[in-house]
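Chemist: Can you keep this structure in mind? I'll have questions shortly.
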Amino acid sequence: MPAFRADDPARVELELHALPRGSAVAEVARQMTSLIARGTFPPGSRLPPERQLAESLGVGRSAVREALAALEILGLVSVRPGSGTYIRDSASELLPTTLSWGLMLSAEHTAQLSEVRSALEVRAAVLAAARAGEEDLQRLRTHLEAMEASTHDLSAFVEADAGFHLQLARAGGNEVIGDLLQTVRSLLRVWVERGLRSTEQALTACREHRAVYEAIAAHDPQAAQAAMDAHMRTAGDRVEHADALPVEGTTGTGRSA
């Protein structure tokens, strides 16, 4: 399997360019995506180590790490603990879609995608309030209770949150909306995780999700619409300001242990 030579920093310097301040994660993702598209890093090859990429780009290793996490979610790279980050064999097939969305590359695109998600989530809540059966409600309760039990474990909280929204879409009975929401949420996931930074925010999200659940359980589409709209405004604000918020338990950027 071809690998990027760790003893060839000159090649990295030729291909990557130092970034302007304030655009670290987005620009790292943009430059790496561009290099993959041009074939600089062929399928199966190993990327340079995080430290080498960070030095070439003039950014912190955390910015490189988050950008690579975004590319992994998009299916362009595979991160293998203890080995490195490798270009997926299917990366060339995914690039046209990835590049056309322009995802992870600018705050503007992220905000626009967040607006699309909001409209879909509100409509899904309205449909769920009209169509959810008792089994749907039980599954929603299970995810909601998992969220309420995980406010001090943000990774587990994000998983339960995603499960709640996925089940809500299924309860509405519209498979197209469900598929679209799953795609949009996957593309936004790295920003959602970065936006949720504290137990206080998780508790707020729990209250908002419970309001959505209670409206659906009461089969009140109007209340479900209002509750989900309120939640989407809060969630959208967290995503928009993800880079500016400190993580709970830290004095700067990055995740708490």
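The values are calculated or read from the model by the stated rules, or taken from the named source; none is laboratory data. On a predicted model such as this, the values are computed, not experimentally measured, just so you know. Please note: Cβ atoms are built from the backbone with ideal geometry, for glycine as well, and neighbour counts cover all protein chains shown.
Chemist: Take the conditions farther than 19 Å from ARG88 by Cα, buried (at least 16 other Cβ atoms within 10 Å of the Cβ), at pLDDT below 60 and of a type in the set (Val, Ile, Thr) and apply them to VAL12. Does it pass? Walk me through how you get there before you give the answer.
Modeler: On the way: farther than 19 Å from ARG88 by Cα: yes; buried (at least 16 other Cβ atoms within 10 Å of the Cβ): yes; at pLDDT below 60: yes; of a type in the set (Val, Ile, Thr): yes.
Yes: the conditions hold for VAL12.
Chemist: Please go through the stretch 135-157 and pick out each residue that is charged (D, E, K, R) and in a helix (DSSP H, G or I).
Modeler: Residues of the stretch 135-157 charged (D, E, K, R): 135-136, 139, 141, 145, 148, 153.
GLU135, ASP136, ARG139, ARG141, GLU145, GLU148 - these are the residues of the stretch 135-157 that are charged (D, E, K, R) and in a helix (DSSP H, G or I).
Chemist: Now a separate question. Scanning for something within 27 Å of THR33 (Cα to Cα) and of a type in the set (Ser, Thr, Tyr), does the stretch 166-186 turn up at least one residue?
Modeler: Filtering the stretch 166-186 down to residues within 27 Å of THR33 (Cα to Cα) leaves 179-186.
Applying the additional criterion that residues be of a type in the set (Ser, Thr, Tyr) yields 183, 186.
The answer is yes, given that some residue of the stretch 166-186 is within 27 Å of THR33 (Cα to Cα) and of a type in the set (Ser, Thr, Tyr).
Chemist: Taking the options LEU76, LEU71, LEU94, name whichever one is surrounded by fewer than 16 Cβ atoms within 10 Å (Cβ to Cβ), modelled with pLDDT under 85 and not assigned by TED's automatic domain parsing to the domain that holds ALA235. Write out each step before concluding.
Modeler: On the way: LEU76 fails: surrounded by fewer than 16 Cβ atoms within 10 Å (Cβ to Cβ); LEU71 fails: surrounded by fewer than 16 Cβ atoms within 10 Å (Cβ to Cβ).
Answer to the selection: LEU94.
Chemist: Could you give me the residue pairs with C-beta distances under 8 Å whose first residue belongs to the stretch 57-69 and is more than 9 Å from ALA24 (Cα to Cα), whose second residue is outside any helix (DSSP H, G or I) and not aliphatic (A, V, I, L, M) wherever it lies, and which are 6+ apart or on separate chains?
Modeler: Note: pairs meeting the criteria are SER62/THR253; SER62/GLY254; LEU68/THR85.
Chemist: A further question follows. Out of ARG38, ARG51, report the one residue that is modelled with pLDDT under 80, surrounded by fewer than 15 Cβ atoms within 10 Å (Cβ to Cβ) and more than 24 Å from LEU188 (Cβ to Cβ). Write out each step before concluding.
Modeler: Details: ARG51 fails: modelled with pLDDT under 80.
None of the other options fit; the residue is ARG38.
Chemist: Quick one: in the stretch 122-173, of everything that is among the charged types (D, E, K, R), touching a residue at least 40 places away in the same chain (Cβ under 8 Å) and closer than 24 Å to GLU200 by Cβ, which residue is surrounded by the most Cβ atoms within 10 Å (Cβ to Cβ)?
Modeler: For the stretch 122-173, the residue satisfying everything is ASP161.
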